[in-house]
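Worksheet for the structure shown next.
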Amino acid sequence: QVQLVESGGGLVQPGGSLRLSCAASGRIFSNYFMAWYRQAPEKHRDLVAVITNFGHTNYADSVQGRFTISRDNAENTVYLQMNSLKSEDTAVYYCNAQQNGVEYWGKGTLVTVSS
């Protein structure tokens with residue numbers, strides 16, 4: 001079992017930055033693929049960024065060049081640095097861990113981009 005707890009969400013103006021954190025507990029964190037998803041009101045939950053257990057990353061086209069995913073295996077934490085935020089980035093952001101077809105979710109943290 002893996003428990004995931006997100007933090008770092010909040011209200012930010014367009015063009016601003018936020019850093020989300022996801023603290024993991026339970027099984028061996030370093031073996032897991034970690035990802036951030038987001039879900040805007042009345043929309044599907046979409047993949048934002050993923051980082052493999054080897055540190056390889058991939059991003060949704062909509063955040064490429066603005067967001068950076070990283071992980072600290074010693075701290076069992078994955079981060080999402082979000083820069084140049086836009087109103088369309090407003091959503092609940094969820095942390096996801098997966099390995100061998102089994103996945104776990106956090107409860108999410110709300111990011112609101114508004115002036």
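The values are calculated or read from the model by the stated rules, or taken from the named source; none is laboratory data. What you see is a predicted model, and the numbers here were worked out from it, not measured in a lab. Backbone-built Cβ (ideal geometry, glycine too); neighbour counts: all protein chains shown. Just the protein is used for accessible areas: all its heavy atoms, side chains included, with ligands, DNA and RNA removed. Shrake-Rupley method; radii C 1.70, N 1.55, O 1.52, S 1.80 Å.
At Thr68 and Ser7, where each label point lies 7 Å from the Cα along Cα→Cβ, what is the point-to-point distance in nanometres?
2.1
Could you calculate the contour length gain from Leu110 to Thr57, that is, 0.36 nm times the residue separation minus the distance between their Cα atoms, to one decimal place in nm?
Length gained, Leu110 through Thr57: 16.8 nm.
Got a number for carbon plus sulfur as a percent of the chain's accessible area, 1.4 Å probe?
Its accessible area is 46 percent carbon and sulfur atoms.
With a cut-off of at most 16 other beta carbons within 10 Å, and DSSP calling the residue loop, which chymotrypsin sites (Phe, Trp or Tyr not before Pro) in the stretch 80-115 qualify? Please list them.
Sparse-neighbourhood loop chymotrypsin sites (Phe, Trp or Tyr not before Pro): none present.
Can you run phi through the Karplus equation (6.51, -1.76, 1.60; θ = phi - 60°) for the stretch 103-115 and list ³J(HN,Hα) in whole Hz, with x for Gly and Pro?
For the stretch 103-115, the Karplus-derived couplings read 9, 10, 10, x, 8, x, 9, 7, 10, 10, 10, 7, 8 Hz, x marking Gly and Pro.
How about the stretch 41-84: which chymotrypsin sites (Phe, Trp or Tyr not before Pro) there are in a DSSP loop, with at most 10 other Cβ atoms within 10 Å of their Cβ?
Hits after loop and neighbour filter: Phe54.
Debye calculation, C-alpha points only, no solvent: report log10 I(q)/I(0) for the chain at q = 0.11, 0.14 Å⁻¹, in the same order as the q values.
Those come out to -0.31, -0.51, one per q.
Enter the per residue convex hull volume of the stretch 9-66, computed from alpha-carbon coordinates, in Å³ rounded to the nearest integer.
Working: hull volume 7.0 nm³, N = 58.
Given the Cα convex hull of the stretch 9-66, per-residue volume reads 121 Å³.
Hey, what's the stretch 1-71 come to in accessible area per residue, 1.4 Å probe, Å²?
About 58 Å² of surface per residue is accessible.
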